[in-house]
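A quick write-up on the structure given underneath.
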Amino acid sequence: MKKIQFSPPDISDEEINEVVKTMKSGWITTGNKVKEFENQISSFCNTKKSICMGSATSCMELALHILGVGPGDEVIVTPYTYTASCSVICHVGATPIMIDLAPDSFEMDYDKVYSCINEKTKVIIPVDLGGILCNYDKIFDVVNSKKHLFKGNSEIQNKIGRICVLSDSAHSFGASYKGRVSGSIADFTAFSFHAIKNLTTAEGGALSWIINDNNIYNNLSYFSLHGQNKDALTKLKSSDWEYDILFPGYKCNMTDILASIGVIQLKRFNFLISKRRKLCAIYNNLLQNENIEIYQKDSIINESTIHLYIIRLNGKDEKGRNELIERLSKRGICTNVHYKPLPMMTAYKNLGFNINNFPNAFRMYENEMTLPLHTLMSEDDVEYVCNCFKNELQKI
Ligand SMILES: *Cc1c(COP(=O)(O)O)cnc(C)c1O
């Protein structure tokens, strides 16, 4: 029987050789390799500047910190995401405001976003589910139309002059929206390079921004490295041993070893993405007559990064969907669900969220499943998955 994994990392000899080179170079923590990777990310994403960190979660959390978001502030977020998009709001002491999805959509209901904006609202965190960018035109329309209510409480918030758009683009590195690349659209964009993501450094992330302000990079590097005013490489290079600790910062810098994986993944990225798009087109073709909704539609394949092959089973509920997952697993096929909405998780129930207040998110979740799609899959593998899927779907 075939075994189809959900999303194993695609690491070639080139990544391995680059890591070995760095390990032998005498410098393995944050240094020139990270700077090189950051510059490559900025030019790839057509953005002002980027900084690498240990994860997308750290990137989002530190973005909130440098914006000065904290207790008393409200941050808007979708319930249909991984916990990281919301936990960072809790970490900085702000209040998460979850907005239900629009009917039959994986995006927040932007009319509801509009009506919940008040003087406490400082940031909105949209999530580019599966590598399809959100409707940023709409998001900017909404935050601009409530500009008069905005009360900035830091220099950078005042510079932006309205609610800051911080996108959770963990799935959308390399995606585009009306010809603009992810990273060049939102005020801040957080990418994840976790092992399961389209471009990986094992663990890692990058934050990009479009605001012209040299302080942002420095502030973020201080925040990610103890609040220390000189990094290890700078200290090594000069006789100037003395440093200061500006504030009690965090420790979430990326290492040169991991950045070495990243520079090669980026070099191979166009190849990796075109393979995903090709496999997606085969899926779409083989599944077109099934009683399902296909999320990665043919019309958006070239703009999406096809991070997740999301489908919805028409007329099925949680029970039917779970049975299908079980049946496919018995045939060696690993599938997944994206996402169980946050209000169904203990942490957010304990904060007072209740799934009954998010009926649209629940409807998207109850019949959603994600089929395996990754760059180590062959066209035959996709055919095998589709055959098993059609076969098992009839039995539930
Ligand atoms: C993976 C993921 C994250 C977290 O990324 P890390 O790099 O592991 O911190 C955040 N949001 C979404 C939607 C994700 O899928």
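If a residue has to be within 20 Å of Lys178 (Cα to Cα), crowded, with 18+ Cβ neighbours inside 10 Å and among the aliphatic types (A, V, I, L, M) to count, how many in the stretch 247-306 make the cut?
Matching residues across the stretch 247-306 total 2.
Among the residues of the stretch 158-189, how many are closer than 16 Å to Val75 by Cα, of a type in the set (A, V, I, L, M, F, W, C) and within 15 Å of the ligand (Cβ to nearest atom)?
Residues that pass the stated criteria total 3.
Against the condition surrounded by 24 or more Cβ atoms within 10 Å (Cβ to Cβ), assigned to a strand (DSSP E or B) and modelled with pLDDT of 95 or more, how does Ala206 come out, does it pass?
Here the answer is yes, as Ala206 does meet what is asked.
If Lys230 meets every condition in (1) modelled with pLDDT of 95 or more; (2) out of contact with any Gly (no Cβ under 8 Å at 6 or more places or on another chain) apart from one, which number is that one?
The one condition Lys230 does not meet is (1).
If you check every pair at least six apart or on different chains, which have Cβ atoms under 8 Å apart with a residue in the stretch 371-396 that is part of a loop (DSSP other than H, G, I, E, B) first and a residue that is of a type in the set (Ser, Thr, Tyr) and at pLDDT 95 or above second?
Final answer for the pair search is Pro372/Ser7; Pro372/Tyr309; Pro372/Thr335; Leu373/Ser7; Leu373/Tyr283; Leu373/Tyr309; His374/Ser7.
Would you check if there is a residue in the stretch 74-84 being away from the ligand (no atom under 16 Å from the Cβ) and out of contact with any helix residue (DSSP H, G or I) (no Cβ under 9 Å at 6 or more places or on another chain)?
No, every residue in the stretch 74-84 fails to be away from the ligand (no atom under 16 Å from the Cβ) and out of contact with any helix residue (DSSP H, G or I) (no Cβ under 9 Å at 6 or more places or on another chain).
Restricting attention to the stretch 179-214, which residues are without any contact (Cβ under 8 Å) to a residue 40 or more places away in the chain and not acidic (Asp, Glu)?
Gly179, Asn214
Looking at Ser55 and the list (1) out of contact with any strand residue (DSSP E or B) (no Cβ under 7 Å at 6 or more places or on another chain); (2) under 18 Å from Met254 (Cβ atoms); (3) among the small types (Gly, Ala, Ser), which single condition is not satisfied?
The single condition Ser55 does not satisfy is (1).
Only one residue in Ile76, Ile89 is assigned to a helix (DSSP H, G or I) and either touching a residue at least 40 places away in the same chain (Cβ under 8 Å) or of a type outside the set (Gly, Ala, Ser) (or both), so which one is that?
Ile89
Going through Ile333, Ile311 one at a time, which residue ends up being within 12 Å of Leu393 (Cβ to Cβ), in contact (Cβ under 8 Å) with a residue 60 or more places away in the chain and surrounded by 20 or more Cβ atoms within 10 Å (Cβ to Cβ)?
Ile311
Inside the stretch 125-141, can you point out the residues that are away from the ligand (no atom under 11 Å from the Cβ) and assigned to a loop (DSSP other than H, G, I, E, B)?
Selection gives Ile132, Leu133, Cys134, Asn135.
From the list Ile264, Ile306, pick out the single residue that is part of a helix (DSSP H, G or I) and in contact with a helix residue (DSSP H, G or I) (Cβ under 7 Å, 6 or more places away or on another chain).
Just one listed residue meets the conditions, Ile264.
Any residue at all in the stretch 176-189 that is touching a Gly at 6+ places or on another chain (Cβ under 6 Å) and part of a strand (DSSP E or B)?
Checked the stretch 176-189: at least one residue is touching a Gly at 6+ places or on another chain (Cβ under 6 Å) and part of a strand (DSSP E or B).
Take the conditions among the aliphatic types (A, V, I, L, M), within 14 Å of the ligand (Cβ to nearest atom) and either in contact with a Pro (Cβ under 9 Å, 6 or more places away or on another chain) or part of a strand (DSSP E or B) (or both) and apply them to Leu199. Does it pass?
no
The values are calculated or read from the model by the stated rules, or taken from the named source; none is laboratory data. Worth saying up front: this structure is predicted, and the values here are computed from it rather than measured. Positions of Cβ are backbone-derived with ideal geometry, glycine not excepted, and every protein chain shown enters the neighbour counts.
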